[in-house]
Amino acid sequence: MASLSGRRIVLGVTGSIAAYKSAFVVRELVKAGAQVRVVMTPGAKEFIAPLTLGTLSGHAVHSELTDDRNAGTWTDHVELGLWGDVVLVAPATAHTISGMVEGRGDSLLLTVLLSAKCPVVIAPAMDRDMFTHPATTENLDTLTQRGVHIIEPGTGELASGLTGKGRMAEPERIRQELSAWFKKQAPLLGFRALITSGPTREPIDAVRFIGNRSSGRQGAAIALELARRGMMVDFISGPSHIPTDHPGIQRVDVETALEMKAAAEAALNNAMPDVIIGAAAVADVRPASPITGKVSKEDLPEAISMVPNPDILAGINALASSACFKVGFALAHGNGHDAALRKLKSKNCDMIVLNSITDKGAGFEHTTNRVDFVHGPDRIDSFELKTKEAVASDLVNEVQNQLLQRTAPSEQSGR
Ligand code: C5P
C-alpha cells in the first residue's frame, strides 16, 4: 500500500464494458493514498459517466483534445503526461492498444500516452477471440518490448457470453499489481540521500580562484541512479555543468568549501538522510584573506597565505544518525588501500570508494572510472574500468543492500 501513497496516476479509461469497473479502480487507488487524474476516450463515456470518475478522483475528467471549442482552449496533454508517475490504462481496449502500437494520436488519451515521459501500465479488457487474435498478441508483445507493463486479464465469463481470457483484472488486483510494480521500479522509495559533488573554488580575488579538475560527473551519476530507484536526493554541487534533472533531486549549487559545508548541514538539519555520499573534491585549503575586487597583475602578492578548509564529510557524518550509511571517496596515487582504511576511521565512514589517478581512464576529467569499495581491512571489493554511470550503479547496488538490511526508511528518518 505504502508504495502507492502520494503517487500521481493518470488513469486512462477506454470504451469497454469493463469501464464501469474503473470507478472501483479509482476508489482503490485513492484509498491507497494515490492522486488520480482520469482521461477517458469518447467511447468510455458510453459506459460510465465522467461525473462518477470526476467525483471519485476529486479532479475534473478530460476526454477531448479541446477543452472549450468556443474559447479555443485545448487540454494540455503534455502537462498531463508530465504530471503522472505512471499512466495506467484500465480497461485498455484492443483499439487503444493498437493505437499505442502505431503511435496514433486520435484521442486525448493517445496523445497523453505519446507525450508521457513516465512508465505505462495497461490492463487489457476484451472478448476472448479478440484477446487471442494474433494481432492483439503481437501488439501486446510490441508494447512489452517497449517497456509497457501488462496486467494480465482474468479468465471467466465475458460480456459476449463466451467464457475465456479477456476479462479485465479485478480493481483490487490492479491496485496490488501496480503497488508491487512501483516497489520493483523504486526499491529505495522513502529513503533519503545527501550527496556532495564536484569541485570547490576558493577565491584569491574576484576573478581568480584555487580549484581542481573535478567535473562532478561521478556524483551526478550517483544522484541520478539513487533518484531513479525512488530516493529523495539532496545534491550539493560545486561548480559543474553536468545536469541532474530529476524530480527526486533537490540541487543546491555552491562555490566554496564553506558554502558547501553550510548547504550540506542545512540539508541534514532539514531532513535526516539514510545515506551520505561525499563525492566532492573539496579544496584542502583556501586563501586566508581573499581580496575584494580584481587585483591587477602588477599588484599580485608573491605568496598567498592559506588556511585549511573544514572536513565537510567528517562534519556531517558526526551529525547524522548512527543508522545512516556513510560513504566517502578517496583519490590515491597508487594502491591507496592504507590511506582508504585511515579515511574510513578519520571521517567516520562505513565505506570508502577508492579511485586512483594512476589507473588509466580513471578519476577526474574521464567518463570512465575504476574503483575499489573499501569496507575494512577484510573486505575490499575491486571493480573493472567502467563508465561513471556503471560505477554509480554498482555503488547504488551496495547502498541498496545496506539500506534494505537496515531499518525501514520511516524508522530512520522519521518520515
Ligand atoms: O581527505 P580527502 O580529501 O582525501 O578525503 C576525501 C573524502 O572526504 C571525499 O569523500 C571528500 O568529499 C571528503 N572531503 C570533505 N571535505 C574536505 C575534504 C574531503 O568532505 N575538506
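Quick look at the values:
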{"read-out": "Identity of the residue in region 119-165, free of Cβ contacts under 8 Å to residues at least 12 places away in the same chain and β-branched (V, I, T), that ends up nearest to V89 (Cα to Cα)", "value": "T144"}
{"read-out": "Hits in region 321-355 - residues which are within 20 Å of D234 (Cα to Cα), buried (at least 20 other Cβ atoms within 10 Å of the Cβ) and more than 9 Å from the ligand (Cβ to nearest atom)", "value": "C324, F325, K326, M351"}
{"read-out": "Test: H375 is within 14 Å of the ligand (Cβ to nearest atom), open to solvent by 20 Å² or more (accessible area, probe 1.4 Å), in contact (Cβ under 8 Å) with a residue 12 or more places away in the chain and within 25 Å of P310 (Cα to Cα)", "value": "no"}
{"read-out": "Residue match in region 382-403 (condition: away from the ligand (no atom under 16 Å from the Cβ), touching a residue at least 12 places away in the same chain (Cβ under 8 Å), open to solvent by 60 Å² or more (accessible area, probe 1.4 Å) and part of a helix (DSSP H, G or I))", "value": "yes"}
{"read-out": "Residue in region 261-269 that is assigned to a strand (DSSP E or B), more than 8 Å from the ligand (Cβ to nearest atom) and touching a residue at least 40 places away in the same chain (Cβ under 8 Å) present", "value": "no"}
{"read-out": "Matching option when the condition is under 26 Å from the mean Cα position of the chain (by Cα), more than 13 Å from the ligand (Cβ to nearest atom) and open to solvent by 20 Å² or more (accessible area, probe 1.4 Å), among I242, I304", "value": "I242"}
{"read-out": "Residue match in region 7-22 (condition: surrounded by fewer than 19 Cβ atoms within 10 Å (Cβ to Cβ) and either closer than 30 Å to G248 by Cβ or within 31 Å of the chain's Cα centre (by Cα) (or both))", "value": "yes"}
{"read-out": "Unique residue being outside any helix (DSSP H, G or I) and at pLDDT 90 or above when the list is A60, A18, A23, A71", "value": "A60"}
{"read-out": "For T292: the one exception among (1) open to solvent by 60 Å² or more (accessible area, probe 1.4 Å); (2) among the polar types (S, T, N, Q); (3) not in a loop (DSSP other than H, G, I, E, B)", "value": "(3)"}
{"read-out": "Which numbered condition V61 fails, given (1) open to solvent by less than 70 Å² (accessible area, probe 1.4 Å); (2) over 30 Å from F131 (Cα atoms)", "value": "(2)"}
{"read-out": "Among residues of region 161-179, those that are touching a strand residue (DSSP E or B) at 6+ places or on another chain (Cβ under 9 Å), on the phi < 0 side of the Ramachandran plot and at pLDDT below 95, counted", "value": "2"}
{"read-out": "Candidate set from region 286-301 (those that are touching a residue at least 24 places away in the same chain (Cβ under 8 Å) and under 22 Å from P199 (Cβ atoms)); member that is farthest from the ligand (Cβ to nearest atom)", "value": "K294"}
{"read-out": "Subset of region 220-239 that is touching a helix residue (DSSP H, G or I) at 6+ places or on another chain (Cβ under 7 Å) and either open to solvent by 50 Å² or more (accessible area, probe 1.4 Å) or touching a residue at least 60 places away in the same chain (Cβ under 8 Å) (or both) - its residue that is farthest from the ligand (Cβ to nearest atom)", "value": "R229"}
{"read-out": "Matching residues, region 44-57, being open to solvent by 40 Å² or more (accessible area, probe 1.4 Å), among the aliphatic types (A, V, I, L, M) and not in a loop (DSSP other than H, G, I, E, B)", "value": "L51, L56"}
{"read-out": "Out of H95, H62, H77, sole residue that is within 30 Å of the chain's Cα centre (by Cα) and touching a residue at least 40 places away in the same chain (Cβ under 8 Å)", "value": "H62"}
{"read-out": "Test: residue in region 125-138 that is surrounded by 22 or more Cβ atoms within 10 Å (Cβ to Cβ) and at pLDDT 95 or above", "value": "yes"}
{"read-out": "Matching residues, region 180-210, being open to solvent by less than 40 Å² (accessible area, probe 1.4 Å), within 16 Å of the ligand (Cβ to nearest atom) and part of a loop (DSSP other than H, G, I, E, B)", "value": "G198, T200"}
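The values are calculated or read from the model by the stated rules, or taken from the named source; none is laboratory data. On a predicted model such as this, the values are computed, not experimentally measured, just so you know. Methodologically, a virtual Cβ is constructed for each residue, glycine included, from the backbone with ideal geometry; neighbour enumeration extends over all protein chains shown. For accessibility, only protein heavy atoms count, side chains too; no ligands or nucleic acids. Shrake-Rupley method; radii C 1.70, N 1.55, O 1.52, S 1.80 Å.
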